[in-house]
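Data first, discussion second: the structure below is written as structure tokens.
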Amino acid sequence: MKNDFIIPDDIISSKIFYIRKQKVMLDFDLAELYKVETKQLKRQVRRNLERFPGEDFMFELTPEEYNISRSQFGTLKQGQNIKYAPMAFTELGISMLSSVLNSSDAIQINIRIMRIFVNVRQLLSDTTEIRLEIEKIRNELFNQGKNMEIVFAYLDELSSKIADHSTLEVNRKRIGFKP
């Protein structure tokens, strides 16, 4: 890999967005990473549409999604105009891009992006496992609280029985030898 191609992982991961319940990267961000023009990337994708068979590989943003991405992510510089809606590439679609662009630089960048997607997936998995553990502990504590309430209720009942029993002994007549 060339030294001029070293891009920090945090820059690449900052270009991953969550759209339509999928982690995606937008065409102009990918073009920037691959060091090609966006129109060239789009042209290559359109020539090889069979490699992108469905929305699990690539989809074009709707005008609403595009406007949201502009305002929330600041995806366009002021005054920049786009003729066509941006394409959003999923992890599967990005893996196909290296074969469409077919350059050694594109392959190297693709490898980095794939590794970052794997890291993001692992982080999400770890977070889910931690949430499940916290929920398990919360349930155990809740059950312990209920168990403690039962124990205290039983102790209260037992102590009231003992108190009732001791008052009965005081009021009872003694039987047997009286001194």
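What the table below lists for this structure:
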| read-out | value |
| --- | --- |
| Value of D in µm² per second that Stokes-Einstein yields for segment 3-130, Kirkwood Rh from Cα pairs, at 4 °C (1.567 mPa s) | 85 |
| For segment 100-114, 3J(HN,Hα) per residue [Karplus equation, 6.51 cos²θ - 1.76 cosθ + 1.60, θ = phi - 60°, Hz, x = Gly/Pro] | 6, 7, 6, 10, 5, 5, 5, 5, 5, 5, 4, 4, 4, 5, 4 |
| Cα lying deepest toward the dipole's positive end in segment 3-130, options ILE107, PRO63, THR127, charges on Cβ | PRO63 |
| Packing-based order for 45-54, 125-134, 84-93, using average beta carbon neighbours within 10 Å, highest first | 84-93, 45-54, 125-134 |
| Derived scalar couplings ³J(HN,Hα) [segment 49-55; Karplus, 6.51 cos²θ - 1.76 cosθ + 1.60; whole Hz; x for Gly, Pro] | 4, 5, 7, 10, x, x, 5 |
| Protection proxy ranking, peptides 109-121, 27-39, average beta carbon neighbours within 10 Å, highest first | 27-39, 109-121 |
| FRET efficiency estimate (nearest 0.05) - Cβ-Cβ, PHE152 to ILE111, R0 45 angstrom | 0.15 |
| Hydrodynamic radius of segment 12-67 per Kirkwood, over alpha carbon pairs, in Å | 12.2 |
| Point-charge dipole on Cβ atoms (K/R +1, D/E -1) for segment 1-60, about Cα centre, debye to 20 | 240 |
| Distance (nanometres) between label positions extended 7 Å along Cα→Cβ at LEU141 and GLU50 | 5.9 |
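None of the figures in this text is laboratory data; all of them are computed from the coordinates on show. Everything quoted here is computed from the prediction, not taken from an experiment. All Cβ positions, even for glycine, are placed from backbone atoms using ideal geometry, and neighbour counts span all protein chains on display.
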